[in-house]
1. Inside the stretch 16-55, can you point out the residues that are among the polar types (S, T, N, Q), loosely packed, with under 15 Cβ neighbours inside 10 Å and in contact (Cβ under 8 Å) with a residue 12 or more places away in the chain?
2. Is there any pair with a first residue in the stretch 140-156 that is among the basic types (Lys, Arg) and exposed (fewer than 12 other Cβ atoms within 10 Å of the Cβ) and a second that is at pLDDT 95 or above and not in a helix (DSSP H, G or I) whose Cβ atoms are under 8 Å apart and which are 6 or more apart or on different chains, and what are they?
3. Please list, ordered by residue number, the strands (runs of 3 or more DSSP E) wholly in the stretch 7-50 having 3 or more residues that are out of contact with any helix residue (DSSP H, G or I) (no Cβ under 8 Å at 6 or more places or on another chain) and either among the basic types (Lys, Arg) or farther than 23 Å from residue 111 by Cβ (or both).
4. Let me confirm something: among 85, 122, 150, 55, which residue is among the basic types (Lys, Arg), touching a Gly at 6+ places or on another chain (Cβ under 8 Å) and more than 19 Å from residue 26 (Cβ to Cβ)?
5. Return yes when residue 10 is within 16 Å of residue 133 (Cβ to Cβ) and either surrounded by fewer than 14 Cβ atoms within 10 Å (Cβ to Cβ) or of a type in the set (S, T, N, Q) (or both) and no when it is not.
6. Residue 139 passes all but one of (1) modelled with pLDDT of 90 or more; (2) polar (S, T, N, Q); (3) farther than 14 Å from residue 5 by Cα; which number fails?
7. Find the residue count for the stretch 113-136, including only residues that are outside any strand (DSSP E or B), at pLDDT 95 or above and surrounded by fewer than 18 Cβ atoms within 10 Å (Cβ to Cβ).
8. Looking at (1) part of a strand (DSSP E or B); (2) buried (at least 17 other Cβ atoms within 10 Å of the Cβ); (3) modelled with pLDDT of 95 or more; (4) not acidic (Asp, Glu), which one does residue 79 not meet, given that it meets all the others?
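The values are calculated or read from the model by the stated rules, or taken from the named source; none is laboratory data. Because the structure is predicted, anything quoted here is derived from the model rather than measured. Please note: Cβ atoms are built from the backbone with ideal geometry, for glycine as well, and neighbour counts cover all protein chains shown.
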Amino acid sequence: MTERLSAGDPAPDFSLPTDNGDTLTLKDLRGRKVILYVYPAAMTPGCTTQACDFRDNLGSIQAAGYEVVGISPDSPDKLATFRERDAITFPLVSDADKSVLTAYGAFGEKMNYGKTVMGVIRSTFVIDENGAIEKAMYNVKATGHVAKLRRDLGID
């Protein structure tokens with residue numbers, strides 16, 4: 001079983017390709033709070049719902065001092081298509097070899113339709129300005145998660 005992160009743990013650093021051809025490095029976001037959300041596959045119903053929910057709430061999330069970054073094992077090209085198709089307005093990063101997902105405890109055994117499978121575990125991590133995990137949430141639901149996260153973080 002993959003080790004899961006807890007509040008106070010250092011957030012594993014990463015440098016990954018983005019949907020627009022750039023590279024995003026977590027260390028470059030130091031000094032800002034980051035919501036890093038993990039989703040299994042771009043352009044699937046649940047992942048689209050979740051991404052659009054973050055997109056639609058981005059103004060208030062950013063006003064509260066948070067940056068949003070989505071991460072999946074999809075290729076940068078697929079992420080670009082996802083961004084364009086659904087007007088995603090925050091960075092999407094590609095972890096094709098799943099090494100970052102594994103470091104965050106967001107890749108491993110999970111239940112899928114009653115069977116144990118290896119896969120991406122839908123998760124969200126709130127990272128503080130110093131690069132420490134503030135909240136680690138695993139097996140989150142695609143629908144309603146952003147509203148719950150806003151409540152948990154006190155974002156109006």
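1. Selection gives 20, 25.
2. Here the result reads 141/122, each pair linking the stretch 140-156 to a residue that is at pLDDT 95 or above and not in a helix (DSSP H, G or I).
3. Numbers: elements: 15-17, 23-25, 33-38.
In the stretch 7-50, the matching strands (runs of 3 or more DSSP E) lie at 23-25.
4. Among 85, 122, 150, 55, only 122 is among the basic types (Lys, Arg), touching a Gly at 6+ places or on another chain (Cβ under 8 Å) and more than 19 Å from residue 26 (Cβ to Cβ).
5. On the way: within 16 Å of residue 133 (Cβ to Cβ): yes; either surrounded by fewer than 14 Cβ atoms within 10 Å (Cβ to Cβ) or of a type in the set (S, T, N, Q) (or both): yes.
So residue 10 fits the description; yes.
6. All conditions are met except number (3).
7. Residues in the stretch 113-136 being outside any strand (DSSP E or B), at pLDDT 95 or above and surrounded by fewer than 18 Cβ atoms within 10 Å (Cβ to Cβ): 4 in total.
8. Every condition holds for residue 79 apart from (1).
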